[in-house]
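The values are calculated or read from the model by the stated rules, or taken from the named source; none is laboratory data. If you're wondering where the values come from, they're calculated on a predicted model, not measured in any experiment. All Cβ positions, glycine included, derive from the backbone under ideal geometry; neighbour counts span all protein chains shown.
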Amino acid sequence: MRHPASSSSAQPSPATTPVVLCADDFAENAPISDGIAELAHAGRLSATSAMTLSPRWAPDAALLVPLRDEMDVGLHLDWTSPFAIQAGHGLPLGQTMLKAALGGMKADQVRQIIDRQLGLFEDVWQAPPDHVDGHQHIHQFAGIRQVLLDVLSQRYDAHQRPYLRLSRAQAGYASLKSRIIALWGAAPLVREAAQAGIPCAPALSGIYGFDVAEGLYAQHMHQWLQQAQRGVLLMCHPAKAALPDDPIGPARVQEHAYLASPDFLQTLNAHGLVLSRGRNLYTDAPCA
């Protein structure tokens with residue numbers, strides 16, 4: 001894929017360690033889509049996840065078409081956004097978690113919802129998604145993950161099968177928030193995906209509290225990149241502007257500004273990291 005060009009002040013190390021940087025929430029609103037597309041065209045991202053229930057998905061996908069062979073574009077499976085609630089199946093995160101924990105997910109209904117979102121993706125993108133993850137990590141919830149694995153196994157041949165994001169931190173680098181997220185179903189997803197032969201991104205980084213103190217995101221990213229092991233997937237949530245109804249809007253703007261900055265490139269180079277497609281890293285490796 002297109003690699004970021006180094007700034008003149010950087011002193012790069014050989015870029016030998018591939019990592020994936022995935023921007024979530026594409027098509028949620030115009031500033032998010034515009035910000036992700038801008039960063040992607042500049043080589044500052046290697047993947048994005050799309051919210052296909054959004055009415056913006058079809059028009060905004062055109063922003064990514066020139067990069068379709070250079071980055072991963074996947075499905076951001078959605079049960080908790082306003083789009084999902086308007087579609088009739090969605091609930092706020094807490095209620096979705098409780099319903100899943102109590103065994104309230106009905107397999108036939110879950111299958112219809114997953115099939116619909118995959119179909120919306122394919123209708124616009126004219127190809128299967130490169131990966132599937134979940135808005136607020138719902139793809140690992142009980143009652144959703146089992147059906148998702150079955151749908152992916154039946155819907156796609158082995159060479160087309162999307163990889164899954166695992167919501168678990170790298171060994172030795174788990175924060176309190178990452179541990180909590182992993183408890184929502186990361187371990188059983190690993191086991192069940194391995195049994196189903198579905199590939200997975202091995203670890204997730206980029207988890208923080210969306211705090212917006214000046215310079216804090218840069219500090220977070222410096223730490224994540226310093227810790228980054230081969231194949232780790234870092235998630236991010238950039239946007240060019242913050243809309244009033246977006247609870248993490250200010251954090252999105254800070255993320256965009258940092259990822260567009262020379263400092264981000266210099267930090268990648270300093271640690272010998274290269275942004276890579278997960279499609280090239282994970283698809284031949286079993287989930288483990």
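A few comments on the model shown:
- Considered as a group, the residues in the range 119-137 that are touching a helix residue (DSSP H, G or I) at 6+ places or on another chain (Cβ under 7 Å) and assigned to a helix (DSSP H, G or I) include one that is surrounded by the most Cβ atoms within 10 Å (Cβ to Cβ), and that residue is HIS137.
- As a summary of the residue check, GLY231 satisfies the conditions (1) part of a loop (DSSP other than H, G, I, E, B); (2) closer than 19 Å to GLY74 by Cα; (3) touching a strand residue (DSSP E or B) at 6+ places or on another chain (Cβ under 6 Å) except for the one numbered (3).
- Total residues in the range 138-148, condition under 19 Å from MET51 (Cα atoms), assigned to a helix (DSSP H, G or I) and out of contact with any Lys or Arg (no Cβ under 7 Å at 6 or more places or on another chain): 4
- Any pair with Cβ under 6 angstrom, 6 or more apart, that starts in the range 214-225 at a residue that is touching a residue at least 12 places away in the same chain (Cβ under 8 Å) and ends at one that is part of a helix (DSSP H, G or I): TYR217/GLN254; TYR217/GLU255; TYR217/TYR258; ALA218/TYR258; HIS222/THR267; LEU225/THR267
- Within the range 15-52, the set of residues being more than 15 Å from the chain's Cα centre (by Cα) and in a loop (DSSP other than H, G, I, E, B) comprises ALA15, THR16, ASN29, ALA42, GLY43.
- Flag for ARG168 being in contact (Cβ under 8 Å) with a residue 40 or more places away in the chain and under 25 Å from PRO129 (Cα atoms): no
- Test: residue in the range 45-68 that is at pLDDT 95 or above and touching a Pro at 6+ places or on another chain (Cβ under 7 Å): no
- VAL151 meets all of the listed conditions (1) surrounded by 20 or more Cβ atoms within 10 Å (Cβ to Cβ); (2) of a type in the set (A, V, I, L, M, F, W, C); (3) not in a loop (DSSP other than H, G, I, E, B) but one, namely (1).
- For the range 266-281, a tally of residues being part of a helix (DSSP H, G or I), over 27 Å from ARG161 (Cβ atoms) and not polar (S, T, N, Q) returns 2.
- Picking from residues in the range 174-209 that are assigned to a loop (DSSP other than H, G, I, E, B) and more than 16 Å from the chain's Cα centre (by Cα), the one that is nearest to SER46 (Cα to Cα) is ILE198.
- Selection within the range 249-274: residues that are under 15 Å from LEU21 (Cβ atoms) and β-branched (Val, Ile, Thr). The member of this set that is surrounded by the most Cβ atoms within 10 Å (Cβ to Cβ) is THR267.
- Filter pass, GLN160 being surrounded by 22 or more Cβ atoms within 10 Å (Cβ to Cβ) and of a type in the set (S, T, N, Q): no
- Within the range 254-264, the set of residues being over 15 Å from HIS220 (Cα atoms) and either modelled with pLDDT under 95 or in contact with a Lys or Arg (Cβ under 9 Å, 6 or more places away or on another chain) (or both) comprises just one member, ALA260.
- Single residue of ALA241, ALA251, ALA218 found to be in contact with an Asp or Glu (Cβ under 9 Å, 6 or more places away or on another chain), in a loop (DSSP other than H, G, I, E, B) and more than 16 Å from SER46 (Cα to Cα): ALA241
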